1. For a test of understanding, tell me how many lysine pairs in the chain have Cα atoms under 21 Å apart, given they are 8 or more places apart or on different chains.
2. Over the Cα atoms of region 70-115, what Rg and Dmax result, in angstrom?
3. Give me the three principal axis extents of region 54-378 from the C-alpha atoms, as integers in angstrom, largest value leading.
4. Taking the Cβ of each residue in 173, 43 as the centre, tally the other Cβ atoms inside 10 Å and list the residues starting with the fewest.
5. Could you tell me the center-to-center distance, by alpha carbons, between region 345-361 and region 151-190 in angstrom?
Amino acid sequence: MKSDEIGLRHGACPLKLTKMSGQDHDPGKEGTILDGSRFVRACLRKPVDRTPVWFLRQAGRYMQEYRDVRKHHTLVEICKMPDLAAEVTITAAEKLGVDAAIIFADLLLPLEPMGLDFEFQAGEGPVVHRPVRTAEDVLALRTDRAGDLGYVARAIEKVTAHFRDRLGVIGFCGAPYTLASYMIEGGGSRNYIETKKLMYSNPIAWSSLLEKLVKVLTEYCHLQVQAGADVIQIFDSWVGSLSLSDYRAYAFEASKRLVRAVEAMGVPVIYFGVETAGLLEQMAETGADVIGLDWRQPLDEGWRAVGHAHAVQGNLDPITLFAPLDVLEQRVGEILRAANGRPGHIFNLGHGIVPATPVENVQAVVRMVHEFRLEQRTGTRD
Ligand code: CP3
C-alpha cells in the first residue's frame, strides 16, 4: 500500500499536509506531492497518464445486474445493506472499467434522520410525505442523528477494501439548496414555487433550514471520509433553478461552508449542478477543487468561467449515449480536445445515465477516453 493510501484511508489527512505545503494547486511543482489514484490526482490538477473517466449514475437501472438486485430489494433497502450497496457499486465500476466508483446511496437518505419520511414511487421519483412548509416545520427538524447514516460508511469501507489503490472511491451528499428543495416541494419540481416562497418570505426560517442541513451533511461527509472515501461529490443538481442574484443571496454561503468543511477533512471536493452556465463563476467561489459541468456549454467555455485554478468534470450529454458510435466518438473527441490535455479534467457526463441507455455504449466511451489520451501522449511528448 502506498503512503497516500494509508493516510487517505485512515484519516491522517495527507492532502491537508500537502495543502499546507502550498503545492497542491500548482501544476508546475511536483516535489513532495503525493502519488494518488489517477482520479484523485486529476481532482487536484496534478499530471496524469490519461484522463480519468467515470459516469454520474453509473450504477442504475440501465444495467441488468442492478435490475436483478432490484427485483428483490427496494432502493432504500439496498442502501441500508452495506454488503449489497458495496456489491452494486463494485459491479458497476468493474463492468465499465472506469477510474472511480461512486458509493451506491441516494441524495435523500439524510432526510430520514432529520425526521422526514420519504419513499420512491415507481415512475414518480422521490415523495416526501410531510414536506417542510413553515418555520415550525424547520424548527422540528433534528440535527443530532447523522450517525444513523453509518450504513453508508460501512458500505464505503467494503468498497475501499475491495479496490485498495486500484481506483478512486467517491462519497457524496446533496448540497443544502438542492436538499432543501426536496424537503419543501416534497419531491422533484418544475418551478420550485414552494421553495422560493419560503426562501423569499421567511429568510430566517430559510437560513435556519440551510444551517441545519450544513450541520448534518458535514457530519455525514465526515463519516464517509473516515470510512475511506477519497473524494466527496456535492450534488447541487437543481441549483440552476436560481438566478445568479438568488444563488448569491440564498444558497451560496451554505454550499461554501459545506465545501470548506469537507476540504478541511483532507479530501478533494467536486461541486456539481445542472443548467449552471450563469452560476459557474460564483460556484467556483465555494473553493471546490472540482466543478462539475453540464453539457449545455462547451467544456473549454465552462472551464474558463470556472477559472483554471479549479479542475472540471464533464460534460457529455447523457443522451449522446443513444447515438451511433461514430457520432458518440466525435462528441467524446470534442470534449477531450476542449480540455486540451490541461491537468485537471475528469471525463464524465453532464448529468446522470438514464434507464434505457445501452451499456455497451457506456463501455465504448471508456475505451474512447482511454485511447484518445494514449494517442495524444505519443503525439505530443516524443
Ligand atoms: O452510481 C450511481 O450514481 C448510483 C448512486 C446514486 C443514486 N442516486 C441511486 C439511485 C446517486 C449518486 C444518486 C444521487 C441522486 N439522487 C441525485 C443527484 C444526482 C442527479 O441526478 O442530479 C438526485 C437528484 C437523487 C434523487 C433521486 N433518486 C431521484 C430524483 C430519483 C428518481 C429518478 C429516477 O431515475 O427514477 C432517485 C432514484 C434513484 N437513486 C435510482 C438510483 C439508481 C433509480 C431508481 C431505482 O433504482 O429505484
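Bear in mind that the values in this text are calculations on the coordinates, not laboratory data. A quick note: this is a predicted structure, and the numbers were derived from the prediction, not measured. In this analysis, Cβ positions are derived from the backbone assuming ideal geometry, glycine residues included, and neighbour counts consider all displayed protein chains.
1. For the chain, qualifying lysine pairs total 21.
2. 11.9, 39
3. 61, 45, 37
4. 173, 43
5. 18 Å
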